[in-house]
1. What is the chain's relative contact order, in percent, from Cα pairs under 8 angstrom and six or more apart in sequence?
2. Quick one: grab the alpha carbon gyration tensor of region 226-296, order the square roots of its eigenvalues as a ≥ b ≥ c, and give me rounded if a/c is under 1.5, else prolate or oblate depending on whether a/b is larger than b/c.
3. Given a Förster radius of 56 Å and the C-beta distance between His177 and Val604 as r, what FRET efficiency does 1/(1 + (r/R0)^6) yield to the nearest 0.05?
4. Give me the extension gain from Ala627 to Leu578: residue separation times 0.36 nm, minus the current Cα-Cα distance, reported in nm with one decimal.
5. Report the label-to-label distance for Asp620 and Thr297 in nanometres (one decimal), using points 7 Å from each Cα along the Cα→Cβ vector.
6. Determine, for each peptide in 273-284, 552-563, the mean count of other beta carbons within 10 angstrom over its residues, then list the peptides with the highest first.
7. Over the Cα atoms of the chain, Rg to Rh with Kirkwood Rh, two decimal places?
8. Need one number: nm distance between label points at Glu268 and Ile19, each 7 Å from Cα along Cα→Cβ, rounded to one decimal.
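The values are calculated or read from the model by the stated rules, or taken from the named source; none is laboratory data. Everything quoted here is computed from the prediction, not taken from an experiment. With ideal geometry, Cβ positions are generated from the backbone for all residues, glycine too; neighbour counts draw on all protein chains shown. To get the accessible areas, we keep the full protein, side chains included, count just its heavy atoms, and leave off ligands, DNA and RNA. Shrake-Rupley method; radii C 1.70, N 1.55, O 1.52, S 1.80 Å.
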Amino acid sequence: NGTKNAFLKISFIGYETEIVSATSAQAIVLKNDSKLLGEVVVQGHRKAFQMQNGNMVANISGTILAKEVNVMEMLRKIPGMTLKDGQLSSFIGGTPIIYINGKKVKSMSEVQQLEVKNIKSVELNTNPGAEYDASTGAVLLITTYKRLEGLSVQVENTVRKNQSWSHANSVKVNYNHDKINVFGQVGYSDWRRNTAQDLTTKVFTPDTTWFSKTHINDSHNSFATLSYSLGVDYALSDKHSIGLKYDGENDKYNMTNSQPVTLWANDELITDLNGKSIKNDKGNRHYINAYYQGNITDRLQMEVFSDYLIKHSNDNQLVSESSAEYGNHETNINTVSDNSLFAINPKFKYMLNKQNRFSVGAEYSTSNVQTTLKYVPNIFDNTRSENSENRWAGYLSYNFNSNGFGLNAGLRYEWVNSRYDDLDNPENNIHRTYSDWFPNIQVSYQKGLWSQSLSYRSGITRPSYNSLNGNTFYVNQFMYQEGNPQLVPEISHNIQYNLMFRFIYFSLRYSHYKNLINNDFVTLSPTSNVVKSTYKNFDKAELIQAVLNLRHTFGFYTPSLTLAYMQNYMTVTVNNELKQINKPFGYINFNNDFDLTNGFLFNVEYTYTGRGTTSFFYFDPTHVFNAR
């Protein structure tokens, strides 16, 4: 274009910079730079935990958590999480609902099949928004990496010795090529343990105080599971994917224990009862999940998940009792149950811009449970019952994030049609319809090393089938269990504050309950020594929970100290007098990880759970020490 005296400067990493006169159609060759730097190694520690939008996020890849070989052991190290008898629980929020890459988990076997090294992050949400069921107290969101190309086969074997030997074995196969990913798993486990528990019961009647002591001791306790799964994911394009997965399970539970009972009346010995219980339970489960995930436009995302589940169980229990005063008795109890569930859940997310997002969704589910209960001899009536439920739900939520400030607000509506049909005595039938609105709001702020959030959420706990069921379940000559068909839903209001600064995490929650569903114990008559364990709605109750976690890495050593506090406030009637149930629980966990060379991890921990009360129960303190 007639430009004169123009120059070009060309530079590129690994080559010498060249300055040449600008001419048309010229070829410029760069020379290798012989003065390159040597190898540079940058080393540091990635932060294992951080708070995002009020939720605790565990970064797995690149942290010490990635060295765990068992996914359950890894999950329980999230501040506020505990693992007992294979069950995960959040100190605030209770048993969490778990999602893997946005798909709801229907069985813990799906979680146990995961490989720790394939998990990218885990997010713990103890204040679930409107997109989650109103009965949900906590949510675990697990995000995994996309699998690498090719075929992989993984064999896992675990052997554990407590009082008894336990083992778990599995083979996992995965094939990933281009747009398709096929995966499957077969596993067998047999977990065994021996447990002992002392249970003391006091029952107050007008002229007698009944006092009993029971020492429950397992001589055999085994839970065996054969699990199998097969699934496929297919990417229709870069923006759309579908998937189908089948999960199956066969369970067998065998337990033999002794249950000697000693009974006093006003400090006078009434009887020594030798009791023994043998349980043989069998069950199977079949679950199919199908999904679609895609971007309809650059701003609109859509997800659809559908589930179908069928489950069968056949439980048998033989209770033997003998005493000089009451003679010998033997009772056989058989319970057969068939469950089915179908659910579909479409969700939409619309990004108005980088700061504003709207989410809307709907849910539909239908479930059915048929139960047959038989006694030999007929100490109680045999029963046949059917429970069915249809549930519709819809929600709308709004998210705003800008310059460290976040706002999440939502509203959820749930309509439930529930039926309980006594197939032998129709006069016992119960038909109920629930219609409720549940708001939630959360404000979060993050600046520098400080992260804080304040939230409110309302929730509901509807009576379970077992708690509504009027069937009678035999325990021993002095105690039996029975549901309460008159129960109504429990409504909760929760306020929570979360804080994280450097290596300090703190969470405080206050909950107020209306129509609290809890255990209740009554006698058959004012002078009876036979206790019925049932359920009852208490007018109100309050709960305070707090968790403090301190965690820091010193070279190869990472200590983590968790302190937790829980206190119930409720009033119950004992011996015609009002009694306050408010003794607090204390909890301490001191965990020590030693990240040794060549991939080895050594761990030592101590856990203490203090004395406390909940409902009518007093719990003694426990101490647990682990090294592995």
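1. Computed value for the chain: 7 percent relative contact order.
2. Numbers: a/c = 9.11, a/b = 3.52, b/c = 2.59.
It is prolate, given that a/c is not under 1.5 and a/b is the larger ratio.
3. The formula returns an efficiency of 0.80 here.
4. On the way: separation 49, 0.36 × 49 = 17.64 nm, distance 4.54 nm.
Extra length from Ala627 to Leu578 when fully extended: 13.1 nm.
5. So the two model labels end up 6.6 nm from each other.
6. So the peptides 273-284, 552-563, ranked by packing, come out 273-284, 552-563.
7. Across the chain, the Cα-based Rg/Rh ratio is 1.04.
8. Calculated label separation equals 11.4 nm.
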